[in-house]
Amino acid sequence: MMADRAGAGQRDEQEVAQLVKKLSDQTRRLAQQEIALAKAELAVKAKAAGIAGGLFGAAGLIGLFALVTLTAALVLVLATVLAAWLAALIVAAVYLLTAAVLGLLGRARMTQATPLAPTQAIESVKEDIAWLKNRVKYAKR
């Protein structure tokens with residue numbers, strides 16, 4: 001009878017060791033998968049941000065060409081009723097005031113920007129941790 005108990009104890013210890021090894025392997029695999037998900041998510045976001053940045057740059061350059069042309073036209077129109085230097089000074093002052101207002105608005109909006117974090121991967125890891133904690137609780141019972 002003692003031999004049966006000793007044999008059963010060894011089998012239990014072996015089963016527990018196998019379960020711990022399996023848990024360790026699955027945890028490692030899960031961590032690798034979560035890292036791969038985070039990398040993939042960041043790659044997609046970075047590519048989209050890069051394309052958007054290029055489009056914004058092109059739009060800005062074309063807008064600058066238009067602004068220069070409109071500036072010359074505005075100075076020429078004002079120069080018909082004022083001295084040319086005064087017309088140019090007024091247009092420059094309006095542009096400086098506009099730039100200051102836009103700069104302040106941009107700074108305020110920048111603080112509201114959300115961080116570029118892999119949100120799906122973070123949520124998935126949180127769910128995995130909660131699941132694992134729950135499994136450990138039930139395993140202890």
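Taking the stated definitions as given, is Y138 closer than 30 Å to R29 by Cα, more than 23 Å from the chain's Cα centre (by Cα) and either of a type in the set (F, W, Y) or exposed (fewer than 10 other Cβ atoms within 10 Å of the Cβ) (or both)?
Details: closer than 30 Å to R29 by Cα: yes; more than 23 Å from the chain's Cα centre (by Cα): yes; either of a type in the set (F, W, Y) or exposed (fewer than 10 other Cβ atoms within 10 Å of the Cβ) (or both): yes.
Answer is yes for this residue.
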Condition (residue is in contact (Cβ under 8 Å) with a residue 24 or more places away in the chain, among the hydrophobic types (A, V, I, L, M, F, W, C) and closer than 30 Å to L19 by Cα) applied to the range 36-50: is it met by at least one residue? yes
Residues located in the range 13-72, provided they are farther than 20 Å from V136 by Cα and basic (K, R): K39, K45, K47
Are any residues in the range 47-62 farther than 26 Å from P118 by Cβ and among the hydrophobic types (A, V, I, L, M, F, W, C), and if so, which ones? A58, A59, L61, I62
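Of the residues A87, A59, A92, A99, only one is among the aliphatic types (A, V, I, L, M), touching a helix residue (DSSP H, G or I) at 6+ places or on another chain (Cβ under 7 Å), in a helix (DSSP H, G or I) and more than 30 Å from Q26 (Cβ to Cβ); which? If you could, list the steps in order and put the result at the bottom.
On the way: A59 fails: touching a helix residue (DSSP H, G or I) at 6+ places or on another chain (Cβ under 7 Å); A92 fails: touching a helix residue (DSSP H, G or I) at 6+ places or on another chain (Cβ under 7 Å); A99 fails: touching a helix residue (DSSP H, G or I) at 6+ places or on another chain (Cβ under 7 Å).
Exactly one of A87, A59, A92, A99 is among the aliphatic types (A, V, I, L, M), touching a helix residue (DSSP H, G or I) at 6+ places or on another chain (Cβ under 7 Å), in a helix (DSSP H, G or I) and more than 30 Å from Q26 (Cβ to Cβ), namely A87.
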Hey, A117 within 30 Å of L42 (Cβ to Cβ) and in a loop (DSSP other than H, G, I, E, B) or not: yes
Which members of the range 110-141 meet the condition of being modelled with pLDDT under 85 and charged (D, E, K, R)? K133, R135, K137, K140, R141
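Go through the range 20-34 residue by residue and tally those that are aliphatic (A, V, I, L, M), free of Cβ contacts under 8 Å to residues at least 24 places away in the same chain and surrounded by 11 or more Cβ atoms within 10 Å (Cβ to Cβ).
First pass over the range 20-34, keeping only residues aliphatic (A, V, I, L, M): 20, 23, 30-31.
Those still in the list that are free of Cβ contacts under 8 Å to residues at least 24 places away in the same chain too: 20, 23, 31.
Then keep just the ones that are surrounded by 11 or more Cβ atoms within 10 Å (Cβ to Cβ); that gives 23, 31.
Of the residues in that region, 2 qualify.
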Pairs needed: first member in the range 76-89, in contact (Cβ under 8 Å) with a residue 24 or more places away in the chain; second member anywhere, in a helix (DSSP H, G or I); C-beta distance under 7 Å; at least 6 residues apart or different chains. none
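The values are calculated or read from the model by the stated rules, or taken from the named source; none is laboratory data. No experiment lies behind these values; they were computed from the predicted model shown. Here the Cβ is made from the backbone with ideal geometry for all residues, glycine too, and neighbour counts use every protein chain on show.
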